[in-house]
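Every number in this text was worked out from the coordinates using simple rules, so none of it is lab data. Keep in mind it's a predicted model, so treat the numbers as computed, not measured. Note that each Cβ is placed from the backbone with ideal geometry, even for glycine, and that neighbours are counted across all protein chains shown.
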Amino acid sequence: MKIVIAGPFGVGKTTMVGATTQIEPLRTEETLTQAGTGVDDISGVRDKTTTTVAIDFGRLDLPSPDPSRHPGAILYLFGAPGQDRYRTLWNEITYGALGILVLADTRRLQASFEVLDWVETRGLPYSVALNLFDDSPDHSVTEVRTALDLDASTPLTVCDARDSASARHALIALVEHIQNRVLTS
């Protein structure tokens, strides 16, 4: 299953791919330079020194809870760059994808609006995972769901993209959502 991990700049997509992959991750990170000043909005992520300029890639094998009924899944994880200037690449990355996991940051929730608008135009199943940072404001899932204007059927999880088990939980929620959508179609 091809899964795209999308979200705004600095939300933790590269970190999530690195935390969950079972192979050496492919990373296309480059150092932020003066050329990006005025182009890349680094407010809220001032300590960030690198940015993805193409994709991140990883692989995750999810065993089946019941191998007699289904074999499990292999996820091919494609982390998308977060800046607007890579929007044309976003369309290419989603080609052949079965679903999209949108990472959001409650410190900069408004930065997720544009990404969610784009994701909804793709027509693919998606879920949202709130990546908690040490200084994240404390909002309930209900408050965030309302702020993001998410449909009641869209999975919303909370995760720490640095933690493999937590990040996998968010990916599993997306895979289950994809399976449920396929079964009900």
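Could you list Leu150, Leu75 so that the one with the fewest beta carbons within 10 Å of its beta carbon is first and the one with the most is last?
Leu150, Leu75
Per residue of segment 125-133, what does 6.51 cos²θ - 1.76 cosθ + 1.60 with θ = phi - 60° give for ³J(HN,Hα)? Whole Hz please, x for Gly and Pro, Karplus curve as stated.
So the J values, rounded to whole Hz, are x, 8, 9, 10, 10, 7, 8, 7, 9.
Among rounded, prolate and oblate, which fits segment 111-185 when a ≥ b ≥ c are the square roots of the eigenvalues of its C-alpha gyration tensor, a/c under 1.5 means rounded, and a/b larger than b/c means prolate?
Working: a/c = 1.90, a/b = 1.29, b/c = 1.47.
The shape class here is oblate.
Ordered by packing density, taken as the mean number of other Cβ atoms within 10 Å over each peptide's residues, highest first, how do 132-141, 63-72, 89-98 rank?
Result, highest mean first: 89-98, 132-141, 63-72.
If you take the beta carbon distance between Arg59 and Glu92 as r and set R0 to 25 Å, what does 1/(1 + (r/R0)^6) give as a FRET efficiency, to the nearest 0.05?
0.80
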